[in-house]
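Below is one structure, written out as structure tokens; the observations come after it.
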Amino acid sequence: MSERPTLHLRDRTVKALKDDQMRQAVRKAVDRLSGNKDKAARELPNWEDWREQTKLIRQHTVNHLDYYLKLLTDNVRKAGGKVYFAPGPEDARQIITGLCKQYGAKKIVKSKSMVTEEIHLNKALEAAGMDVIESDLAEYILQLAGETPSHIIVPAIHKNRQQIAELFSKAAGEKVEPDTPALTAFARKVLRNKFMTADVGITGCNFAVAETGSITLVTNEGNARLTTALPRVVISVMGMERVIPTFEDLEAVLSMLPRNATGQKLTSYVSVINGPRKPDDIDGCEKFHLVIVDNGRSRMLADEEFRQALHCIRCGACFNVCPVYRQIGGHAYGSVYGGPIGSVITPMLEGDLEFWGELSYASTLCAACTTACPAKIPLQDLLFKLRQRRVSAGHTQAFEKFAFGMWKRFFKLPSTYKFAMKAASLGQKPLVNNGYITAKLPLLANWTNSRYMRAAADTTFRDEWKKRKK
Ligand code: SF4
């Protein structure tokens, strides 16, 4: 289970809305990312065919997940690696810390991995006395800041250069200038040394190819390559849906992932690991372990409506177009996965509709996310279904229940409907100004403070109809 935020979603949102620096940084970055993505979509012929292809590959894989996981496991073992299944986060943490202890690991270097964020791995390794360092630049920044990612592709999207320079200066014990070359030079110097001395390298997994047992890692910094090439032991951690049948399928999804994420045709580095180093290999690890994490994914797989959320290729395109994410950033969601896909999968992964199901309300249901998604996941439908399920399960506030109960009562019969319309028309009079309700009533203020609320017409439609008929 994830740690629950102490503040309510509404309060987290209000707090985020007051953070002008964060909002500026997020807006600037998502505008750039979605602009680059639109350009990439225009440049690739038959964009919609590529989306359809991605959807079909992911749909087929997820519908036959048991078969492909077995094939992947067999092929990783054939290549000399070991495979472990972790039903929950605690199992995953125990397996990984156990492996690190088995190899006497003191220093661990990690490349970016959302699933290790999901299982809160760093805390467990540190509690076991190990020194863990994130090697992805953004993750390294967040590690220094003691924060969690706020975007699945650009984890430190909410930080500006000045803030990063302050963090680096504190770590360096001297001033690091807030310009890109100085910042990257500092990070490179620290991280290179960590790569050289790490006992274990831990990676995530963008896609695992079942037919060969290969783990694919895409980065723009080459850190995953160093994480897998230098330490003696490598542990890759993957969510169980990250499998893909063949290299041909990998080619298709790898064409879509960077284009949708950053607008690149391909990331700067694509690393493919096939078990431990073979006698003729010039580099690579001596021991390779793959940890496959379930953590609620089986629950999603068994749910016919929500199974399609497992088709996600984690490109972040839905974040970049979401009018809510663009305003509040990632931390207000309170979960490891923010944005529209995070609002869908968090309640499912956690198996908690009451608390995490609230995230489904962090959406305008405008469907921009669905239109952007390369795997054609109907995100706004799933968000709507979550709301329905939450209401059916009785997880609604007393006032909401009362209001909709009254609405149902009055709208059920023509006589009560007519009465309600008349009463609303008369009752609103003291609040109306130029055809709009503008009064700052506590219950209505959240709406009327930022939106127009039309007053009910003086004459009802039925009365007007009767009058005209005469
Ligand atoms: S839901 Fe779609 S758009 Fe969002 S991260 Fe996943 S694949 Fe990308």
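The values are calculated or read from the model by the stated rules, or taken from the named source; none is laboratory data. In this text, all values refer to a predicted model and were calculated from it rather than measured experimentally. Quick reminder, even Gly has a Cβ in these numbers, built from the backbone with ideal geometry, and neighbours come from all protein chains shown.
Let me spell it out: the conditions are (1) assigned to a helix (DSSP H, G or I); (2) more than 10 Å from the ligand (Cβ to nearest atom); (3) within 29 Å of ILE95 (Cβ to Cβ), and ALA309 meets all of them except one. Which number is the exception?
Going through (1) assigned to a helix (DSSP H, G or I); (2) more than 10 Å from the ligand (Cβ to nearest atom); (3) within 29 Å of ILE95 (Cβ to Cβ) one by one, ALA309 breaks only (2).
Collect the residues in region 316-325 that are over 14 Å from VAL14 (Cα atoms) and within 14 Å of the ligand (Cβ to nearest atom), keeping them in residue-number order.
Listed by number, the residues that qualify are GLY316, ALA317, CYS318, PHE319, ASN320, VAL321, CYS322.
If a residue must be outside any loop (DSSP other than H, G, I, E, B), buried (at least 21 other Cβ atoms within 10 Å of the Cβ) and within 10 Å of the ligand (Cβ to nearest atom), how many such residues does region 369-383 contain?
Residues flagged as outside any loop (DSSP other than H, G, I, E, B), buried (at least 21 other Cβ atoms within 10 Å of the Cβ) and within 10 Å of the ligand (Cβ to nearest atom) within region 369-383 amount to 4.
Which strands (runs of 3 or more DSSP E) does region 132-239 wholly contain that include 3 or more residues that are hydrophobic (A, V, I, L, M, F, W, C)?
207-209, 214-219, 233-239
With the condition kept exactly as written, say whether any residue in region 78-89 is assigned by TED's automatic domain parsing to the domain that holds ILE157, part of a helix (DSSP H, G or I) and under 22 Å from the mean Cα position of the chain (by Cα).
Applying the first criterion (assigned by TED's automatic domain parsing to the domain that holds ILE157) to region 78-89 yields 78-89.
From what is left, the residues that are part of a helix (DSSP H, G or I) are 78, 89.
Cutting the leftovers down to under 22 Å from the mean Cα position of the chain (by Cα) gives us 89.
Within region 78-89 (the criterion being assigned by TED's automatic domain parsing to the domain that holds ILE157, part of a helix (DSSP H, G or I) and under 22 Å from the mean Cα position of the chain (by Cα)), the answer is yes, since at least one residue qualifies.
May I ask you to list the residues in region 75-107 that are out of contact with any strand residue (DSSP E or B) (no Cβ under 9 Å at 6 or more places or on another chain) and in contact (Cβ under 8 Å) with a residue 40 or more places away in the chain?
Within region 75-107, LYS78, GLY104 qualify.
Criterion first (aliphatic (A, V, I, L, M) and at pLDDT below 85) does ALA393 satisfy it?
Spelling it out, it is not the case that ALA393 is aliphatic (A, V, I, L, M) and at pLDDT below 85.
Determine, yes or no, whether GLU117 is more than 20 Å from the chain's Cα centre (by Cα), assigned to a helix (DSSP H, G or I) and closer than 26 Å to HIS331 by Cβ.
no
Limited to region 36-80, what total is found for residues that are surrounded by 15 or more Cβ atoms within 10 Å (Cβ to Cβ) and more than 22 Å from VAL253 (Cβ to Cβ)?
Count: 1.
Among the residues of region 1-39, count how many are closer than 14 Å to ASN260 by Cα and either in a loop (DSSP other than H, G, I, E, B) or over 19 Å from the mean Cα position of the chain (by Cα) (or both).
Qualifying residue count for the region: 4.
Taking the stated definitions as given, is ASN446 away from the ligand (no atom under 16 Å from the Cβ), out of contact with any Lys or Arg (no Cβ under 7 Å at 6 or more places or on another chain), without any contact (Cβ under 8 Å) to a residue 40 or more places away in the chain and within 30 Å of VAL30 (Cβ to Cβ)?
Yes.
Can we say ARG42 is more than 20 Å from the chain's Cα centre (by Cα) and assigned to a helix (DSSP H, G or I)? Let's see the steps before the verdict.
Details: more than 20 Å from the chain's Cα centre (by Cα): yes; assigned to a helix (DSSP H, G or I): yes.
It is true that ARG42 is more than 20 Å from the chain's Cα centre (by Cα) and assigned to a helix (DSSP H, G or I).
For region 338-363, name all the residues that are without any contact (Cβ under 8 Å) to a residue 60 or more places away in the chain, within 16 Å of the ligand (Cβ to nearest atom) and outside any helix (DSSP H, G or I).
Listed by number, the list holds a single entry, SER363.
Return yes when VAL233 is closer than 23 Å to ILE96 by Cα and either modelled with pLDDT under 95 or not polar (S, T, N, Q) (or both) and no when it is not.
yes
Between GLY173, GLY204, GLY213, which is in contact (Cβ under 8 Å) with a residue 40 or more places away in the chain, of a type outside the set (Ser, Thr, Tyr) and on the phi > 0 side of the Ramachandran plot?
Criteria check complete, one pass: GLY213.
Give the number of residues within region 259-268 that are surrounded by fewer than 22 Cβ atoms within 10 Å (Cβ to Cβ) and either modelled with pLDDT of 95 or more or within 16 Å of the ligand (Cβ to nearest atom) (or both). Before the answer, list the steps.
From region 259-268, those surrounded by fewer than 22 Cβ atoms within 10 Å (Cβ to Cβ) are 262-268; that's our starting set.
With either modelled with pLDDT of 95 or more or within 16 Å of the ligand (Cβ to nearest atom) (or both) added as a condition, the list becomes 262-264, 267.
Total meeting the criteria: 4.
Are any of the residues in region 393-408 under 28 Å from TRP465 (Cα atoms), more than 14 Å from the ligand (Cβ to nearest atom), more than 37 Å from the chain's Cα centre (by Cα) and not in a loop (DSSP other than H, G, I, E, B)?
We begin by selecting, within region 393-408, every residue under 28 Å from TRP465 (Cα atoms); these are 404, 406-408.
Now drop any that are not more than 14 Å from the ligand (Cβ to nearest atom), which leaves 404, 406-408.
Remaining after also requiring more than 37 Å from the chain's Cα centre (by Cα): 406.
Now narrow it down to the ones that are not in a loop (DSSP other than H, G, I, E, B): 406.
Looking through region 393-408, at least one residue is under 28 Å from TRP465 (Cα atoms), more than 14 Å from the ligand (Cβ to nearest atom), more than 37 Å from the chain's Cα centre (by Cα) and not in a loop (DSSP other than H, G, I, E, B).
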